[in-house]
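The values are calculated or read from the model by the stated rules, or taken from the named source; none is laboratory data. Predicted model only: the values in this text are computed from it and were never measured. Virtual Cβ from ideal backbone geometry, glycine too; neighbours counted across all protein chains shown.
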Amino acid sequence: MKRIYLISLIFFLSVNFVWAVKKEIAAPDGKLLVSITDEDGHPCYSISYNGMVFLKNSPLGLKTNVGDFTLGLSLSESYKERKIEETYSLQNIKKSEVRYIANEFIFSFKKDEKAAIDVEFRISNNDVAFRYKVYSQGERKVCVVNEEATGFFLPEGTTTFLCPQMKPMTGFARTGPSYETPYSADDEMGKNGWGGGYTFPCLFRVNNNGWILISETGVDSRYCASRLTAHPDGLYMIGFPQEEENNGNGTSSPGIPLPGFTPWRTLTLGETLQPIVETTVPFDVVEPLYEASKKYEYSRGSWSWIIKMDGNTIFPVQKEYIDFSAAMGWETVLVDALWDTQIGRDKIEELAAYGKSKNVDLFLWYNSNGYWNDAPQGPKGFMDNPVSRRKKMAWMKSIGIRGIKVDFFGGDKQVTMKLYEDILYDANDYGLLVVFHGCTLPRGWERMFPNYGSSEAVLASEMLHFSQERCNKEAFSACMHPFTRNTVGSMDFGGSALNEFYNANNTPNRGTKRLTSDVFALATAVLFQSAVQHFALAPNNLTDAPEWAVDFMKEVPSTWDEIKFIDGYPGKYVILARRHGNKWYVAGINAQEETLKLKVELPMFEAGQQVMFYIDDEELNGRQTTFKINKKQQIELVIPCNGGALLIN
């Protein structure tokens, strides 16, 4: 074990003879340092990496209805420490086998000589996770956390890569916030989104020193989900849900028993983007909440809605899509909204049986809605109630449904976190996977909930259907997600379309037009990580799309064993590699106006090895060829704007 640097300094702060304790702790390799202090009675921390400041002195603490634990606190000289070394396996994240090595430190703060809060830090070589433990205050055994003082004070000159939080009760049928807003890149600090701050994760470039990603994990029914609010001079702070969320129902301030814990705040940092893209910290610090009722099988599938919309959630079209999934070798079909009225329960049973005969299972869409928004699509009025929910789940189990997609949630309050948890827990009893849409960001849920499938929580493929502007910016957005949204959790984007036009029959000049290439579409099937994938291909693609593209989509996996970041810049381009079994997939896309020409190292391929190569020309005409890896294990990739590249061994 490398030496853990820990120093305690008592120093003179002001003419008022205020004393403070300062402690410095380090990651296992000693490069990442965190300092904790009680300067002037205020708990604070700062972070540096390789001697460069990534976070200036930033506030810690909580304001509760049993005490204000942001001021008048003293940091105890005593502390607890241990080294964490553990391995775990998860099929449904970016790495199937994870080895987590970290140093843990627990620091205690007192107020009026009584135990107030602990701050628990876990520090690995590129990650910091911390949370609070609040102690009982006399006879008070429960509390409400009215405000969290946790802040992130970034150095001057830092630039931002952020996604604004939607205002509550806005958007379609007053369903906001739904984490479906666009990211901006290379922006300046000092803004506060659209007035409500920013959704996690939040990426910052700290001058030329490196990058830092801020997020949270471990959120369930025991707390609310949070956002990041901007304040002057580079300070960002934890913000609780806005009062108007959930149609004003439920409290924005979470309640916890005492003693009790908050969720983890996480920071991933490094001199390059590699630790950001490859981090597993959202899963490292959480534990499973219950046992899986069975071994869940993740899948690839089709869904008619993205191309054909609401009116085609009808029996013959869904049967056609079952045949399409079977032809592609995929395992599922997602039957989207309005199946309750446009197909009906009896015909769904017939459809499920037909799917079974083709080795294709169904996912069924449900509206989450109770009292929180105006989303009209059915089936609704079931998932919000445990009695009706479990009846529906028992029926779905009896006819062999694989999973559910639950849509249109109401916000981030603790009451909504409980609804997510309750749906997942009940679904596990009936062996159902769960995918969420119109929803919050997943926060460690792949490990916490064994039947969790994926979440949307992104401006996803549906907006490519609805908006030509989003089609125009598809490459930019796709070059953001591997560095932001998809770094912390599964992202059900529902893309990789091979239609040129987003309409039922790929009819020219009807609907929005895709500007990206077919190779780009294939590359995003690798770049976007989600163990449950419903791609935007359509049955007509069996005859109107290039055979090489369809063949690739037949065999691309949805689960991965390893990830390696190769190169990229948020919003401009990205090249990364994923491994499934013994096969490596190297995928790249380019959003810049100029053609990307880049020499990349490919150590995952052997010198002299013949690999499959998918590449675009300047007019975005794709082709499949082969490439022999040279002795230096290098290749020069040439990717035009809106184009892509793929290499597979």
**OP:** Could you please give the count of residues in segment 312-335 that are surrounded by fewer than 20 Cβ atoms within 10 Å (Cβ to Cβ), assigned to a helix (DSSP H, G or I) and touching a residue at least 24 places away in the same chain (Cβ under 8 Å)?
**Re:** 7
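Residues that are out of contact with any Lys or Arg (no Cβ under 8 Å at 6 or more places or on another chain): list the strands (runs of 3 or more DSSP E) wholly contained in segment 139-193 that include at least 3 such residues.
Numbers: elements: 142-148, 151-153, 159-162, 184-188.
Hits in segment 139-193: 142-148, 184-188.
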Original post:
So, in segment 32-69, of the ones that are surrounded by fewer than 17 Cβ atoms within 10 Å (Cβ to Cβ), under 25 Å from G270 (Cα atoms) and of a type outside the set (A, V, I, L, M, F, W, C), which residue ends up farthest from the chain's Cα centre (by Cα)?
Top reply: G51
Original post:
G571 is checked against (1) surrounded by fewer than 22 Cβ atoms within 10 Å (Cβ to Cβ); (2) assigned to a loop (DSSP other than H, G, I, E, B) and fails just one. What number does that condition carry?
Top reply: (1)
**OP:** Quick one: count up the residues across segment 482-513 that are in contact with an Asp or Glu (Cβ under 7 Å, 6 or more places away or on another chain), buried (at least 24 other Cβ atoms within 10 Å of the Cβ) and among the charged types (D, E, K, R).
**Re:** 1
**OP:** State which residue is surrounded by the fewest Cβ atoms within 10 Å (Cβ to Cβ) when the search covers only segment 427-462 and only residues that are touching a helix residue (DSSP H, G or I) at 6+ places or on another chain (Cβ under 8 Å) and part of a helix (DSSP H, G or I).
**Re:** D429
Subject >> Among the residues listed as E547, E601, E594, E562, the single one being closer than 23 Å to P640 by Cα, in contact (Cβ under 8 Å) with a residue 40 or more places away in the chain, of a type in the set (D, E) and out of contact with any helix residue (DSSP H, G or I) (no Cβ under 9 Å at 6 or more places or on another chain) >> reply: E594
Subject >> Members of segment 584-600 found to be of a type outside the set (V, I, T) and either loosely packed, with under 13 Cβ neighbours inside 10 Å or not in a strand (DSSP E or B) (or both), listed by number >> reply: A591, Q592, E593, E594, K597, K599
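Looking only at segment 526-544, filter to residues that are in a helix (DSSP H, G or I) and in contact (Cβ under 8 Å) with a residue 12 or more places away in the chain; which one of those is nearest to A478 (Cα to Cα)? Reasoning before the result, please.
Taking segment 526-544 as the starting set, the residues that turn out to be in a helix (DSSP H, G or I) are 526-527, 541-544.
Of the ones still in play, those that are also in contact (Cβ under 8 Å) with a residue 12 or more places away in the chain are 526-527, 541-542, 544.
Numbers: V526: 12, L527: 9, N541: 22, L542: 25, D544: 24 Å.
The extreme case among them is L527.
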Original post:
If you scan segment 83-130, which residues turn out to be over 17 Å from W264 (Cβ atoms), of a type outside the set (S, T, Y), without any contact (Cβ under 8 Å) to a residue 24 or more places away in the chain and part of a strand (DSSP E or B)?
Top reply: E85, R99, K114, A115
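Can you list the strands (runs of 3 or more DSSP E) lying wholly within segment 207-296 that have 2 or more residues being touching a Gly at 6+ places or on another chain (Cβ under 9 Å)?
210-217, 227-231, 235-239, 264-270
It is to be established whether one or more residues within segment 624-641 are assigned to a strand (DSSP E or B), of a type in the set (K, R) and either under 17 Å from A523 (Cα atoms) or within 30 Å of the chain's Cα centre (by Cα) (or both).
Taking segment 624-641 and keeping what is assigned to a strand (DSSP E or B), we get 624-628, 634-639.
With the extra rule that they be of a type in the set (K, R), the set shrinks to 628.
After this cut, where a residue has to be either under 17 Å from A523 (Cα atoms) or within 30 Å of the chain's Cα centre (by Cα) (or both) as well, the list is none.
Looking through segment 624-641, none of the residues is assigned to a strand (DSSP E or B), of a type in the set (K, R) and either under 17 Å from A523 (Cα atoms) or within 30 Å of the chain's Cα centre (by Cα) (or both).
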Original post:
So, of the residues in segment 633-647 that are buried (at least 20 other Cβ atoms within 10 Å of the Cβ) and among the β-branched types (V, I, T), which turns out to be modelled with the highest pLDDT?
Top reply: I639
Original post:
So which residues in segment 96-114 are touching a Ser or Thr at 6+ places or on another chain (Cβ under 9 Å), surrounded by fewer than 22 Cβ atoms within 10 Å (Cβ to Cβ) and more than 13 Å from Y79 (Cα to Cα)?
Top reply: S96, E97, V98, R99, Y100, I101, K111, E113
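Taking segment 193-222 only, how many residues are over 22 Å from T279 (Cβ atoms) and crowded, with 23+ Cβ neighbours inside 10 Å?
Taking segment 193-222 and keeping what is over 22 Å from T279 (Cβ atoms), we get 193-197, 221-222.
Now restrict to residues that are crowded, with 23+ Cβ neighbours inside 10 Å: 197.
Adding up the residues that qualify gives 1.
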Original post:
Applying the selection to segment 618-632, what residues are in contact (Cβ under 8 Å) with a residue 40 or more places away in the chain and of a type in the set (D, E, K, R)?
Top reply: R623
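May I ask you to verify whether A545 is within 23 Å of V435 (Cα to Cα), more than 25 Å from the chain's Cα centre (by Cα) and at pLDDT 95 or above?
no
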